[in-house]
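Since the structure comes first, as structure tokens, the remarks are kept for the end.
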Amino acid sequence: MEWLFDPTIWAGLLTLVVLEIVLGIDNLIFIAILADKLPPHQRDRARLIGLSLAMLMRLGLLTIVSWLVTLTQPLFALGSFSFSGRDLILLGGGLFLLFKATTELHERLEGVTHAQTESKVYAGFGVVVAQIVVLDAVFSLDAVITAVGMVDDLGVMMAAVVMSIGVMLLASKALTRFVNAHPTVVVLCLSFLLMIGLSLVAEGLGFHIPKGYLYAAIGFSIVIEALNQFARRNLLKNEARVPLRERTAGRVLRLMGGRTRNAAQDGLEDGAQDDKAAGEGAFAAEERNMVSGVLMLADRSIRSVMTPRSEMSWIDLEDGADAILQHLRETPHSLVPVCRGELDQVVGIGRTKDLIGALLVDGRLEEGGEGGLLRAPIVLPDTAGVLKAIDTLKRAHGQLVLVTDEYGIVQGLLTPVDILEAIAGEFPDEDEQLAIQARGSGAWEVMGTADLRLLEQVLDTDGLAGMDADYTSLAGFLLAHFERFPEVGQTLELGCLRYEILAVEERRIVRVAIRRVAKDAPREGEPHANMEE
């Protein structure tokens with residue numbers, strides 16, 4: 001009973017059980033593939049018979065091999081090395097494990113997988129069981145040799161084989177899914193095989209390596225892999241908090257070589273940097289920006305794509321005919337809201353040419369003529385999504401859509417051009433200029449109404465347009481960080497960008513200068529944002 005209190009035996013048993021399970025995965029996968037050729041009601045029976053035969057075959061091979069390794073009488077000598085039956089078994093087994101582990105590692109690293117072909121015709125039960133027996137004989141060799149190389153006691157070897165087969169019988173499907181979902185675990189166990197095979201070869205040549213060293217190395221590696229799996233699980237959990245649409249957009253943009261809104265995701269997938277480098281050469285920046293605009297469109301608020309209230313052109317019926325006519329001639333828009341007294345008192349939507357014609361013929365816009373000249377306004381709440389707005393525009397037959405808040409106050413208007421600008425960038429009217437203009441290397445002059453998402457693309461940065469932020473323009477972004485209305489000349493430094501207020505008008509930020517600055521990582525306790533008067 002002393003073996004019950006020997007930690008070396010328990011360490012060897014547990015390690016061997018894990019290795020036997022991993023080494024049996026290939027056997028289990030092939031048994032599952034063969035069993036799938038049978039009718040569904042016979043598959044579990046075939047899987048049970050296959051694993052039971054594998055256990056019996058391994059126990060028999062263990063008995064034979066463990067007896068062979070006791071043959072220590074030298075058979076022949078080569079120079080200073082003498083070889084017994086045990087030495088030959090250890091040498092052959094070690095070389096077999098080295099070959100097996102090397103080929104398996106090569107397949108894993110090269111991405112070779114066991115393909116399962118579908119068959120419409122079910123095979124006979126006896127034929128499938130015969131194939132399973134042949135596979136068991138092939139796949140039992142590495143498991144048996146590994147057991148001999150790990151422990152010296154035959155009872156421990158047999159216990160490990162029985163326990164591993166029992167686990168595979170009870171959890172064959174779940175075990176297969178786990179190994180397929182964690183390929184690094186398989187690679188780690190194959191590296192254990194390399195180490196065990198090398199120790200067998202060394203022992204066959206007369207160089208004894210204490211098995212405690214193997215257990216210590218394997219135990220340490222398992223702890224490190226457990227920490228790695230724990231870290232990856234937390235990383236995937238944090239990634240799952242990001243909306244599915246944003247995660248999909250991030251992966252597509254990585255393939256195209258663009259920036260993602262969550263840079264931490266770049267490390268989640270192997271080869272992400274290689275995909276990004278390849279995408280940068282295959283797709284232009286404009287193409288990446290348009291794809292990004294399409295993928296993220298549904299997550300944007302209607303306020304982020306509409307023309308804001310401050311930039312709307314509208315007609316006041318209380319103005320004189322000459323003033324209205326002059327305003328209509330100066331506006332580049334084909335449709336304008338017609339209001340009475342103020343913008344929130346919308347009477348209807350009129351075509352510019354129809355309103356000009358009525359003014360030239362009648363000299364005024366009579367209220368009685370409003371019904372014939374004007375269309376009923378189409379109104380959307382500012383809480384509506386962009387997809388809802390697109391559907392409304394499709395049914396508007398070319399008419400613009402007004403956007404109001406919960407109190408009925410007009411916040412802006414929306415046209416198909418606004419949707420196109422959200423995807424492909426700015427399309428300024430005749431009376432407008434580009435909201436973002438380059439002013440040399442690393443410097444830009446930006447309108448306060450510039451869309452933050454477009455600004456992120458131009459500046460090749462992220463973090464400006466927050467998903468839950470109440471603002472969508474550069475002016476709103478700056479007001480949120482200044483926490484008061486700024487004056488001309490005030491600057492704000494955030495990250496590697498410096499913002500300087502160039503012009504304000506009627507409590508509005510009109511123009512801002514942005515310059516990229518070289519900024520070292522802040523020291524501990526140093527603020528990330530600096531404001532200067």
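The values are calculated or read from the model by the stated rules, or taken from the named source; none is laboratory data. Owing to the predicted nature of the structure, the values given are computational and were not obtained by experimental measurement. Cβ sites come from the backbone with ideal geometry, for glycine too, and all protein chains shown count toward neighbours.
Numbers at a glance
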item: Among (1) at pLDDT 90 or above; (2) assigned by TED's automatic domain parsing to the domain that holds residue 489 - the single one residue 377 does not satisfy; result: (2)
item: Leading residue by the ranking (surrounded by the fewest Cβ atoms within 10 Å (Cβ to Cβ)) among those in segment 1-46 that are among the charged types (D, E, K, R) and at pLDDT below 75; result: 2
item: Per-region count, segment 405-461, residues touching a Pro at 6+ places or on another chain (Cβ under 6 Å) and aromatic (Phe, Trp, Tyr); result: 0
item: Hey, residue 194 more than 29 Å from the chain's Cα centre (by Cα), surrounded by 13 or more Cβ atoms within 10 Å (Cβ to Cβ) and within 21 Å of residue 106 (Cα to Cα) or not; result: yes
item: All positions within segment 415-425 that are surrounded by 19 or more Cβ atoms within 10 Å (Cβ to Cβ) and among the small types (Gly, Ala, Ser); result: 422
item: Members of segment 412-442 found to be over 24 Å from residue 330 (Cβ atoms) and in contact with a strand residue (DSSP E or B) (Cβ under 8 Å, 6 or more places away or on another chain), listed by number; result: 422, 436, 438, 439, 442
item: In segment 199-218, residue nearest to residue 74 (Cα to Cα) [restricted to those that are surrounded by 13 or more Cβ atoms within 10 Å (Cβ to Cβ) and either in the same structural domain as residue 285 (by TED's automatic domain parsing) or touching a Ser or Thr at 6+ places or on another chain (Cβ under 8 Å) (or both)]; result: 209
item: Single residue of 412, 440, 489, 408 found to be within 20 Å of residue 508 (Cβ to Cβ), surrounded by fewer than 18 Cβ atoms within 10 Å (Cβ to Cβ), among the small types (Gly, Ala, Ser) and over 33 Å from the mean Cα position of the chain (by Cα); result: 489
item: Filter pass, residue 480 being assigned to a helix (DSSP H, G or I), surrounded by fewer than 15 Cβ atoms within 10 Å (Cβ to Cβ) and at pLDDT 80 or above; result: yes
item: In segment 455-498, the residues that are in contact with a helix residue (DSSP H, G or I) (Cβ under 8 Å, 6 or more places away or on another chain), of a type outside the set (Gly, Ala, Ser) and under 23 Å from residue 301 (Cβ atoms); result: 455, 457, 462, 464, 467, 470, 471, 472, 474, 477, 494
item: Helices (runs of 4 or more DSSP H) wholly inside segment 254-352 that include at least 2 residues being buried (at least 17 other Cβ atoms within 10 Å of the Cβ) and modelled with pLDDT of 75 or more; result: 285-296, 321-330
